[in-house]
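**Student:** This structure is in C-alpha cells; I'll ask about it shortly.
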Amino acid sequence: MVLDENGIPSFQAHQRRMNVESKKEILILSSETPCTFYAFDILSHEHRDLKKLSYLDRRSILSQLLGPNDTIKISDYIEENGIDILKHSKELGLEGIMAKRKSSVYREGVRSRDWLKIKNIKTQDCVVIGYTKGIGNRINLFGSLLLAVYCTKESKYRFVGHTGSGFDFELLNKVYSMLQEIRIDSMPIDHLPYMNRQTTWVKPLLVAEVKFNEWTKDGIMRAPIFLRFREDKRRIECTIEGDNPTEGNLKYKNKEQSQNTTQAKISNPNKIYWPKTRDHTGFTKKDLIKYYELISPLILPHLKDRPLSLSRYPDGIYGKSFFHKNWSQSKPDFVMTAQVHSKERNDNINYLVCNNRESLLWIANLGCIEMHPWYSRINEMDSCNSSSLLYEEKCGLNFPDFIVFDLDPYIYSGKEKKGQEPEYNRLGFSAAVELALHLYDLLRELKISSYAKTTGKSGLHVYVPILNNYPYEQTRNFSQIIAKVMISKFPKKVTTEWSTSKRKGKVFFDYNQNSRGKTLVSVYSLRPTAEATVSMPIEWKKLDSILPIDFTISSVPQLALKNNDLWAGVLTKKQNISEIISKAEEI
C-alpha cells in the first residue's frame with residue numbers, strides 16, 4: 001500500500017501504482033510514490049502446508065522469515081482492547097479493523113466467524129456494468145459508473161446504483177480507457193430501475209469497491225463513492241455483505257403497497273371536504289383518504305423519488321387553501337424528505353417525498369387533495385442541497401423524465417364573475433380535445449409516443465416520456481418549437497399569450513411548464529372541484545368520447561383498478577430527446 005506523510009494508507013495514491021507496465025515509469029513511480037508490502041499471514045513454507053496451524057503459530061513463522069525491512073513489513077496486531085482500537089482507527093480516518101481468532105486455522109474460500117471485518121464505514125464490492133456519458137468538464141469521459149452485485153440464488157447481477165465521485169482526472173482518463181476495451185451492445189442485467197443519462201454497457205469484468213451512506217429500501221446504495229478497483233476479487237464474490245440490506249429491506253417494495261397494512265390514523269374523519277351537489281351526497285375527509293388508499297398501487301410509481309408540493313384544503317374545497325412545499329414540522333419515520341436548494345430563495349426547501357402507501361395516507365390526512373410531483377427524480381436524497389449539486393447527475397433533479405404540454409381552454413361558460421378564470425364547460429373541453437388530437441397527430445408524424453390525461457377540469461395534459469439525460473433547458477426548447485408549429489398550423493385555435501385577456505376563445509398552449517421546480521397535478525390525483533374529479537389517464541382513441549366529470553372520487557377506483565395503469569409507459573417508454581429535437585426542427 002501507499003502511505004501518506006502521516007503513515008495513513010492513501011487509496012488515490014495507490015491507484016497511480018496499479019496497471020503500470022513500463023519499467024521506466026515503474027522506476028519513476030517507485031521513487032515518487034513508494035509502496036510498502038505488508039504481509040499478515042503465511043500459508044506454506046518449503047513445500048510444507050501451514051494452513052492447519054493456528055493463526056499465532058503461522059505469525060511466529062512469518063516473523064522468523066521476515067527480518068526488519070523498509071519495503072516489506074509484517075502488519076502488527078494488538079491483543080484485546082478491540083473497542084478502543086476500533087474507536088482510534090475511526091479517529092485516524094481508517095476504514096476499520098480486522099478481528100481474528102488466535103487459534104483459527106486458515107480455511108481457503110470459506111467465510112467464517114474466525115475472521116471479522118469491522119468497519120467504520122459501509123463499503124461494498126460491486127461489478128461495473130456500464131457508464132453514463134459525462135457532461136461539463138467530463139464531456140469526453142464518463143459521468144458515473146453503473147454498479148451491480150451478484151445474486152447467488154438467481155445466478156445473475158442486480159443493479160445497486162451509480163458512482164461518479166472519488167475520481168481525480170488522471171484516474172478518470174485511465175478508467176475511461178479501460179472501459180472502452182470492454183464495451184458491449186446489450187445490458188448485462190435483467191432490469192434497470194432508472195436510467196440517469198445515456199448509458200454505455202460494458203462486460204461485467206471490473207470489480208470496484210465503494211463506500212456509501214446506507215441502503216435505500218429498494219436495495220440501492222445512497223451516495224456511493226469510488227474507493228478502488230479490486231483485482232483480487234472475483235465477480236461472483238461481489239455479493240451483499242451481512243451488514244448491508246437485509247432480506248426484509250429488499251422486500252419492502254411489495255410490503256409498502258400491501259392493502260393489509262395498519263390503517264392510517266385520521267383526524268376529523270367526518271369533516272365535509274366536498275359538499276353535496278345534485279350529483280352526489282358529499283364527501284368527507286375519510287372519503288379523501290380512502291380514495292388514496294385504494295388508488296395507491298397506481299399513483300405511487302408516479303410519485304416515487306420526486307419532490308412533492310402539496311395543495312392543502314384543511315377545511316374542504318371552499319375553505320382556506322394553500323400550497324405547501326417546505327416541511328419544517330415533525331413527521332413519522334416512514335415519511336422521507338429531501339433538502340433541495342432553491343436559487344430564488346437562496347436557501348434549501350425541505351420537500352416531502354412520497355415513496356410508500358403509509359406516506360401517501362399521512363399526506364392525505366394533512367388535508368392534501370392535490371399531489372404535485374416534480375418532472376424529475378432525486379437519485380440521492382442528500383445530493384441536492386446546494387446550487388452546484390442541483391446540476392449533478394447524483395442529484396438528478398435537473399434532468400426531467402418527460403416533456404409536458406398543458407392545454408388550458410380560455411372559452412368561457414358565461415357564468416364567470418369579472419376577472420375569473422374560465423369554469424368547466426363542455427365547449428371548452430371540446431376545444432382542448434380537438435387541439436390535443438392535432439398535437440397527437442403532429443407527434444405521431446415525428447414518431448414520438450405521447451400520453452394524455454384529463455386535468456380534472458376543462459384542460460388536458462400531454463406527456464412525452466424521454467431519457468432523463470438532458471436538462472430542462474433542452475426540454476423547454478423542444479416544447480417551444482412544438483408550440484410554434486401548432487400556432488402556425490392552427491392560429492385561430494391556439495395561443496401562447498401571457499395576457500389572459502388575449503387568450504379568450506382559444507386554447508392556451510403552455511410550454512413554459514417545462515422548467516425545474518414547476519409541477520402539474522399528478523395522474524390519479526383528486527381535484528378540488530364540486531364534482532370531486534380526478535386527473536385521469538385516457539387512451540387517445542377514447543379522448544373524444546369522454547368528459548372530465550366522468551372520473552370522480554367514486555368512479556375512478558372501480559374503473560382504474562380493473563385495468564393496468566394506462567400511464568405505465570410514461571415511466572418506461574424512454575425516448576431520445578436529441579432525435580426528437582432534430583425531427584421537430586425539420587418541421
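Every number here is computed from the coordinates shown, using simple stated rules; none is lab data. Owing to the predicted nature of the structure, the values given are computational and were not obtained by experimental measurement. When we count neighbours, we look across all protein chains shown, and the Cβ atoms used for this are built from the backbone with ideal geometry, even at glycine.
**Student:** Using amide H atoms built 1.01 Å from N in the peptide plane, name the residues 5+ places from E214, or on other chains, whose amide H lies under 5 Å from its own.
**Tutor:** For E214, whose amide H was placed from the backbone, the distant partners under 5 Å are R222.
**Student:** Can you work out the Karplus-derived ³J(HN,Hα) for every residue in segment 529-542? Use 6.51 cos²θ - 1.76 cosθ + 1.60 with θ = phi - 60°, whole Hz, and x for glycine or proline.
**Tutor:** 9, 4, 8, 6, 7, 10, 6, 10, x, 10, 5, 4, 5, 9
**Student:** Leaving out same-chain residues fewer than 8 places away, which lysines sit with a Cα under 23 Å from that of K87?
**Tutor:** K100, K102, K117, K119, K122, K211
**Student:** In addition: Tell me whether segment 36-119 comes out rounded, prolate or oblate; compute the Cα gyration tensor, take square roots of the eigenvalues as a ≥ b ≥ c, and use a/c under 1.5 as the rounded threshold.
**Tutor:** It comes out oblate by the Cα gyration axes.
**Student:** Taking amide hydrogens as modeled 1.01 Å from N in the peptide plane, which residues meet the under 5 Å criterion relative to R228, leaving out close sequence neighbours?
**Tutor:** The answer is E209.
**Student:** Still on this model: So, counting K/R as plus one and D/E as minus one, what does the shell of residues with Cβ under 15 Å around L543 add up to?
**Tutor:** Net of charged neighbours comes to 0.
**Student:** Using only helices, what value at 222 nm comes out for the chain when you add -39,500 (n - 2.57) per DSSP H run of length 4 or more and divide by the total residues, to the nearest 500 deg cm²/dmol?
**Tutor:** The per-residue figure over the chain is -7500 deg cm²/dmol.
**Student:** Still on this structure, I have one more. I need the P(r) histogram for segment 157-201: all alpha carbon pairs, bin width 5 Å from 0 out to the longest distance, whole percents.
**Tutor:** 5, 16, 23, 27, 21, 8, 1
**Student:** Something else about it: When a footprinting reagent is the concern and you count Cβ atoms within 10 Å, what order do R312, R113 take, fewest first?
**Tutor:** Ranked by crowding around the Cβ, least crowded first: R113, R312.
**Student:** A further question on this structure: Would you mind working out the magnitude of the charge dipole of the chain relative to its Cα centre, with +1 at each Lys and Arg C-beta and -1 at each Asp and Glu C-beta, to the nearest 20 Debye?
**Tutor:** That gives a dipole near 1580 debye.
**Student:** Relative contact order for the chain using alpha-carbon pairs under 8 Å, separation at least 6, rounded to a whole percent?
**Tutor:** Computed value for the chain: 10 percent relative contact order.
**Student:** Counting DSSP beta bridges with both partners in the chain, what percentage is antiparallel, nearest 5?
**Tutor:** Around 90 percent of the beta bridges assigned by DSSP in the chain are antiparallel ones.
**Student:** If we restrict to alpha carbons, what Rg and Dmax does segment 399-587 come to, in Å?
**Tutor:** Using the Cα atoms of segment 399-587, the pair Rg, Dmax is 16.2, 46 Å.
**Student:** Could you compute the net charge surrounding Y511? Neighbours are other residues with a C-beta less than 13 Å from the C-beta of Y511; K and R count +1, D and E count -1.
**Tutor:** So the environment of Y511 carries a net charge of -2.
**Student:** Taking the beta-carbon count within 10 Å as an exposure proxy, list R278, R158, R107, R306 from fewest neighbours to most.
**Tutor:** Sorted ascending by nearby Cβ count, the order is R278, R107, R158, R306.
**Student:** Additional query: Express the C-alpha Rg of segment 263-394 as a ratio against the empirical globular expectation 2.2 N^0.38 Å, rounded to two decimals.
**Tutor:** For segment 263-394, the normalised Cα radius of gyration comes out at 1.14.
**Student:** Using a 4.7 Å cut-off between beta carbons, which cysteines in the chain end up with no partner cysteine at all?
**Tutor:** Cysteines of the chain left without a disulfide-compatible partner: C35, C126, C151, C238, C354, C368.
**Student:** Return the inverse of the average 1/r over all pairs of distinct C-alpha atoms in the chain, which is the Kirkwood hydrodynamic radius, in Å to one decimal.
**Tutor:** Its Kirkwood hydrodynamic radius stands at 27.6 Å.
**Student:** In whole Hz, what ³J(HN,Hα) sequence does segment 213-223 give by Karplus (6.51, -1.76, 1.60; θ = phi - 60°), x for Gly and Pro?
**Tutor:** Running phi through 6.51 cos²θ - 1.76 cosθ + 1.60 with θ = phi - 60° gives 7, 6, 8, 6, 6, 9, x, 10, 6, 9, 6 Hz.
**Student:** With an 8 Å Cα cut-off and a minimum separation of 6 or more residues, compute the relative contact order for segment 399-587 in percent.
**Tutor:** Computed over segment 399-587, the figure is 30 percent.
**Student:** Under the definition of Cα pairs under 8 Å and six or more residues apart, what whole-number percent is the relative contact order of segment 36-119?
**Tutor:** 33
**Student:** Towards the positive end of the charge dipole of the chain, with charges on Cβ (+1 Lys, Arg; -1 Asp, Glu), say which of P34, V507, S387 has the farthest Cα.
**Tutor:** Of the options given, the answer is V507.
**Student:** What's the magnitude of the charge dipole for segment 263-394 around its Cα centre, counting Lys and Arg as +1 and Asp and Glu as -1 at the beta-carbon? Answer in Debye, nearest 20.
**Tutor:** 560
**Student:** Can you give the log10 of the normalised intensity I(q)/I(0) at q = 0.13, 0.15, 0.19 Å⁻¹, computed with Debye over equal Cα scatterers of segment 122-250?
**Tutor:** Results for segment 122-250 at q = 0.13, 0.15, 0.19 Å⁻¹ read -0.48, -0.65, -1.08.
**Student:** To make sure I understand, if each residue's beta carbon is the centre and we count other beta carbons within 10 Å, what order do H47, H162 fall in, fewest to most?
**Tutor:** The most exposed by this proxy come first: H47, H162.
**Student:** Please list, short to long, the whole-number percent of alpha-carbon pairs of segment 57-212 in consecutive 5 angstrom bins beginning at zero.
**Tutor:** Final binned percentages: 2, 7, 13, 14, 14, 12, 11, 11, 9, 5, 2, 0.
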